[in-house]
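A short write-up of the structure that comes next.
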């Protein structure tokens, strides 16, 4: 046996190319540190500087990622993480989600008397965790990044500290989330025990080289990692935590969770699935088990999400269940990714579009909510269109997009997902998907009915829309309609991004 | 590598028994002390595995620093009395939960029994580590070269956790004011 070599000099330096790939991550971290310093600097009122630094950080990092998305893939830190189009595509989603969450929260925090600079710091930290999570190639890095993201979100969920419901949500999320993290970590440990490596490509290599040594331990570890991910994306039957948490959390945080968190979990899920050889590389027995687990979860998620959303009167809760339903469509995209010509591109595109429309809807909900997130029931929306025609129009676009009605982006995304599922011969799932999607139209349209066709109750105050929220809503509308009318570009981008995996 | 079964099962048994005491104990103080015992037995198992550095760190950091903090907090908060009562859960739920846990346990036992002991031998055998300068040196060299990213990332994670803790604790003052 050769002597142990622990110091590898080439790992101690970063080449110029490698450094360039890391710029978005460094930017976000530097911005976060700067925000921390500004929040404790007693001489100034921290609100504006921290807000501006945080937004600027997201913008700069977004521009960096936009440049890097064209670049070639680059393995970093001894293969522990990778910088390719895929990771930078997801970085864009996370940073955009963080940016518009910050924009949407600015006045909200003032009104709720929660204007603490830590809020922005935590959003940035969570975004950093998400970015590293989808770039991770190693189960250790993946887990630490996941925890970085989750810890920040636990705190953000409980940010309204004096509110009982909010505390309950944070506590519930913290305990269940930690349990899920523990399951994932134990699964990773078992995989390490069975294969001798935490690096996902080495795991695949070991499995390919020793097909006979595949033992129950490996299967157990693998299923535990899978269940951990399904919990994070809130697929049925691991969805019980979600409605309560979404309802209890402050509205902008809920928006951040439905977009950033979900995209991060899905992005990582797809990367890990592909890297361990989903579709090709591992034995067909594992393939079919994996397929069966995802199949059941996908069917249940679409059905449960849509049917329970029908009965909800609270908008936040309704969108929580609708978010579960969308998880089902996303799972369908992943499930059929290996056997259709478009590959995982429809699924990846769906994540982006879902993030855009949901983020927009939550920025509007943030505006509509009053003290303590009350007044978010359906009848509180009665006649909103008379007072706020533009807000109602924007809300309608987002809701129609979620329902999948042309010419919005939701239609293009749903169409592609179902199309690729038909190619992959998942006919029963497509039938379930289309039918439950038809059901979902009812509860999305009901909001529209309340906004446009009911008389207003009482005389609620006229809302002021801040510049920042307006900016956020306008950009989301732009994406939703642009992609809806001209989806070609987005499909090409998604294809290229998936190819880099 | 040969691990003495007597010590392994001894430490393992103590760890499991004390871990059960942590969650079943009525007073926070006894739970905290059971947790100390869990950490000590883990340290014993690590030492059996020739990971002496980790065993020592386990005692210093977990059993020492973190548990002292725990106990200080319990003392300062005077949380001796249980502050919440979960009440009795429904019998049916208990039976279902119990049988599911039991089934999971059985699956694990089955999986570990079925797995042949052909764990891949990595390069880090005790002899190799000895030749390369011992446990501490190998761990620290690895940490700052091959595992640099997770190591640095962990410090970012801790920083975020501190900010989060401040964000939660600070507003207690604000709550008292309003």
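The values are calculated or read from the model by the stated rules, or taken from the named source; none is laboratory data. Source: prediction; values computed, not measured. With ideal geometry, Cβ positions are generated from the backbone for all residues, glycine too; neighbour counts draw on all protein chains shown.
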Count - residues of the range A:48-70 that are more than 20 Å from the chain's Cα centre (by Cα) and within 14 Å of another protein chain (Cβ to nearest Cβ)
1
Please specify each residue of the range A:71-86 satisfying the condition of being more than 14 Å from every other protein chain (Cβ to nearest Cβ) and buried (at least 24 other Cβ atoms within 10 Å of the Cβ).
A:86
Given the criteria closer than 22 Å to residue A:187 by Cβ, part of a strand (DSSP E or B), touching a strand residue (DSSP E or B) at 6+ places or on another chain (Cβ under 9 Å) and within 12 Å of another protein chain (Cβ to nearest Cβ), does residue A:141 qualify?
no
Could you grab me the full set of residues in the range A:194-215 that are modelled with pLDDT of 85 or more and within 10 Å of chain B (Cβ to nearest Cβ)?
A:198
Take residue A:146 and decide whether it is facing another protein chain (nearest Cβ under 8 Å) and either surrounded by fewer than 24 Cβ atoms within 10 Å (Cβ to Cβ) or over 21 Å from residue A:473 (Cβ atoms) (or both).
no
When you scan the range A:101-121, do you find a residue that is in contact (Cβ under 8 Å) with a residue 12 or more places away in the chain, under 22 Å from residue A:182 (Cα atoms), in a loop (DSSP other than H, G, I, E, B) and within 14 Å of chain B (Cβ to nearest Cβ), even just one?
no
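If you scan the range A:168-181, which residues turn out to be free of Cβ contacts under 8 Å to residues at least 40 places away in the same chain and over 16 Å from residue A:234 (Cα atoms)? Lay out the reasoning, then the answer.
Within the range A:168-181, the first condition is being free of Cβ contacts under 8 Å to residues at least 40 places away in the same chain, and the residues that meet it are A:171, A:174-175, A:178-179.
Scanning the range A:168-181 gives a single hit, A:171.
Each row is one residue, and each column tells you yes or no for (1) under 24 Å from the mean Cα position of the chain (by Cα); (2) assigned to a helix (DSSP H, G or I).
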{"site": "A:153", "(1), (2)": "yes, yes"}
{"site": "A:160", "(1), (2)": "yes, no"}
{"site": "A:167", "(1), (2)": "yes, yes"}
{"site": "A:171", "(1), (2)": "yes, yes"}
{"site": "A:174", "(1), (2)": "yes, yes"}
{"site": "A:185", "(1), (2)": "yes, yes"}
{"site": "A:206", "(1), (2)": "no, yes"}
Output the residues belonging to the range A:309-328 that are within 15 Å of residue A:259 (Cβ to Cβ) and within 15 Å of the chain's Cα centre (by Cα).
A:319, A:320, A:322, A:323, A:324, A:326, A:327
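Per-residue answers, yes or no, for (1) modelled with pLDDT of 90 or more; (2) under 20 Å from residue A:145 (Cα atoms); (3) within 14 Å of chain B (Cβ to nearest Cβ):
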{"site": "A:217", "(1), (2), (3)": "no, no, yes"}
{"site": "A:221", "(1), (2), (3)": "no, yes, yes"}
{"site": "A:224", "(1), (2), (3)": "yes, yes, yes"}
{"site": "A:228", "(1), (2), (3)": "yes, yes, no"}
{"site": "A:235", "(1), (2), (3)": "no, no, no"}
{"site": "A:240", "(1), (2), (3)": "no, no, yes"}
{"site": "A:243", "(1), (2), (3)": "no, no, no"}
{"site": "A:255", "(1), (2), (3)": "yes, no, no"}
{"site": "A:268", "(1), (2), (3)": "yes, yes, no"}
Could you grab me the full set of residues in the range A:122-138 that are farther than 19 Å from residue A:192 by Cα and either at the interface with another protein chain (Cβ under 8 Å from one of its Cβ atoms) or out of contact with any strand residue (DSSP E or B) (no Cβ under 7 Å at 6 or more places or on another chain) (or both)?
A:122, A:123, A:124, A:125, A:126, A:127, A:128, A:129, A:130, A:131, A:132, A:134
Meets criteria (at pLDDT 90 or above and either over 25 Å from residue A:255 (Cβ atoms) or outside any helix (DSSP H, G or I) (or both)) for residue A:434:
yes
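For the range B:115-132, name all the residues that are at the interface with chain A (Cβ under 9 Å from one of its Cβ atoms) and either over 22 Å from residue A:186 (Cα atoms) or at pLDDT 80 or above (or both). Outline the logic, then answer.
Taking the range B:115-132 first, the residues at the interface with chain A (Cβ under 9 Å from one of its Cβ atoms) are B:115-116, B:118-125, B:127-129, B:131-132.
Across the range B:115-132, the qualifying residues are B:123, B:125, B:127, B:128, B:129, B:131, B:132.
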